[in-house]
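**Q** For reference, the structure I am asking about is given below.
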Amino acid sequence: MAVRDEFPILATATYLNACSQGALSHRVRAAYEEYLAGWDENGAEWEHWVERAETARAGFARLLHAVPDEIAVTTSVSQGVNAIVSALPLERGGRTRIVISEYEFPTVGQIAHAQELRGAEVVHVRPEADGSIPVERFAEAIDERTALVCCTTISYRTGHRHDVAGIAEAAHAHGALVLADSYQAAGAIELDTATLGADFVTGGTVKYLLGSAGLGFLWVRGSLLPGLIPTQTGWFADEDIFRMDISDYSPHATARRFDAGTPPVPNIYAGVAGLSLVEETGVPAIEEYVSGLNTHLIEGLAGMGATVVTPADPARRGPLVCVRSTDAAALVASLAEDRIICSLRDANLRVAPHFYNTAEDIDTLLDALRRRRHLLA
Ligand SMILES: Cc1ncc(COP(=O)(O)O)c(C=O)c1O
């Protein structure tokens, strides 16, 4: 496959770790070099940087089937989520309950609990014995006091996919807003803000979007923008960044009000390049291809009697597969000795192929796991 030539690491490793970091491509490396060359030749390319940030905004909008005015360009999921909760009037007579799934990334859970200092009450929605969290569990926790429901699209710990649309319906019935952290989906699972159901969608470029750390996005439902005034802000969120006015706070009318300081320019170069690789193949094609690789993996694991934590049903899983280990750290380290790169969370080995992987990569991993069967539960 020609696309494999873009990713030098594939020549020397079986790289199955997109849930931690996508493989580095020639194109992303060249983008960093372009940034450095521009700096060297022209110094501060201020206007060009602003244009690059808008290019990233437009790219994230295409990815989410949204419009650029509904996209904030952030440095991380954390920045976007903090900006959102800062706009909730928790301590100003508003609703005070924040409902979070047990599968939220630490940053979302910790930001939610930080709001306890502003009077919030945080309710956790825990998984069933089979690891899934059905809509009903969320519905039980949501009431008229609920300001926000956080339901990550794909669990970074188990690979489960939430029924975001169903959860959003339950939340909206009570007037609550919904945040879907989609970091483990963006670039590998089709995300359409028109049908996803969430009011806020966030993610970043480190993983399936093939960029580097330090760049993220936040989609905000357009109709909510007038009523959401973040108290966490910065000069790039102002209605006119070139006004340089310190006499008031005038947030931008669009989702740019959730931007903050100077855009992460080098990471934008990389992020735009990574996104272009994803777009050339197209997310629906990537989703189908990766799902097929994962079906092959899950069948192979089942054949050796391993405990697969991720659902077998493609509609209920994301692009990563988790399998129970007796010693996940030892297993990851042992696989790395054979240049098979995976990761771990809890007691699980995490395997995350992308469009640059092949069925042979999965067979290489399965063979290696057969030789290490004692490290699988
Ligand atoms: C689901 C999920 N959310 C968020 C993050 C990261 O958040 P941030 O961009 O704030 O570092 C990750 C991974 O690093 C993740 O897997």
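The values are calculated or read from the model by the stated rules, or taken from the named source; none is laboratory data. Only a predicted model underlies this, so the values are computations on that prediction, with no experimental measurement involved. Backbone-built Cβ (ideal geometry, glycine too); neighbour counts: all protein chains shown. Just so you know, the surface numbers come from the protein's heavy atoms only, side chains and all, with ligands and any DNA or RNA stripped out. Shrake-Rupley method; radii C 1.70, N 1.55, O 1.52, S 1.80 Å.
**Q** How large is ³J(HN,Hα) for each residue in the range 265-282, as worked out from phi by the Karplus curve 6.51 cos²θ - 1.76 cosθ + 1.60 (θ = phi - 60°), to whole Hz, x for Gly and Pro?
**A** Taking θ as phi minus 60°, the curve returns 4, x, 5, 5, 3, 5, x, 5, 5, x, 4, 5, 5, 5, 5, 5, 8, x Hz for the range 265-282.
**Q** Give me the 1.4 Å probe accessible area per residue for the chain, excluding ligands and nucleic acids, in Å².
**A** Per residue, the chain has 39 Å² of solvent-accessible surface.
**Q** So in the chain, what percent of DSSP beta bridges are antiparallel if you round to the nearest 5?
**A** 55
**Q** Once amide H atoms are built 1.01 Å from N in the peptide plane, which residues 5 or more positions from Val178, or in another chain, come under 5 Å H to H?
**A** The answer is Val149, Asp199, Phe200.
**Q** Principal axis lengths of the range 224-377 from Cα atoms, whole Å, largest first?
**A** Principal axes ranked by extent give 67, 33, 30 Å for the Cα atoms.
**Q** Another question about this same structure. Which ³J(HN,Hα) values in Hz, rounded to whole numbers, follow from the phi angles of the range 365-377 under the Karplus curve 6.51 cos²θ - 1.76 cosθ + 1.60, where θ = phi - 60° and Gly and Pro get x?
**A** After applying 6.51 cos²θ - 1.76 cosθ + 1.60, I find 5, 4, 4, 5, 6, 4, 6, 10, 3, 5, 8, 9, 6 Hz.
**Q** Then there is this: Helix-only estimate, please: 222 nm mean residue ellipticity of the chain, summing -39500 (n - 2.57) across DSSP H runs of length 4 or more and dividing by its residues, to the nearest 500.
**A** Taking each H run of at least 4 residues, the total per residue is -11500 deg cm²/dmol.
**Q** So how far, in whole Å, is the C-alpha centre of the range 218-232 from the one of the range 1-69?
**A** Between the Cα centres of the range 218-232 and the range 1-69 lies a distance of 27 Å.
**Q** Taking amide H positions as placed 1.01 Å from N in the peptide plane, with prolines and chain starts having none, which residues 5 or more places from Thr96, or on another chain, fall under 5 Å of its amide H?
**A** Correct list: Ala147.
**Q** What is the set of long-range amide H partners of Ala18 at a cut-off below 5 Å, with H atoms built 1.01 Å from backbone N?
**A** Residues meeting the amide H criterion: Ala352.
**Q** Mind ordering 72-78, 210-216, 278-284, 135-141 by average Cβ neighbours within 10 Å, highest first?
**A** 210-216, 72-78, 135-141, 278-284
**Q** Now a separate question. Label points 7 Å out from Cα along the Cβ direction at Val50 and Glu280: separation in nm?
**A** Distance between the two pseudo-spin positions: 3.2 nm.
**Q** Still on this model: Semi-axes of the equivalent ellipsoid of the range 166-220: what are they in whole Å, largest first, if each equals the square root of 5 times a C-alpha gyration tensor eigenvalue?
**A** Output for the range 166-220: semi-axes of 24, 11, 7 Å.
**Q** Got a number for carbon plus sulfur as a percent of the range 270-341's accessible area, 1.4 Å probe?
**A** Taking all protein chains in place, the range 270-341 shows 55 percent carbon and sulfur surface.
**Q** Over the chain, what is the mean sequence separation of C-alpha contacts under 8 Å (at least six apart), divided by residue count, expressed as relative contact order in percent?
**A** For the chain, the relative contact order is 22 percent.
**Q** For the chain, just run the numbers: alpha carbon Rg, then divide by 2.2 N^0.38 Å, N being how many residues it has.
**A** For the chain, the normalised Cα radius of gyration is 1.01.
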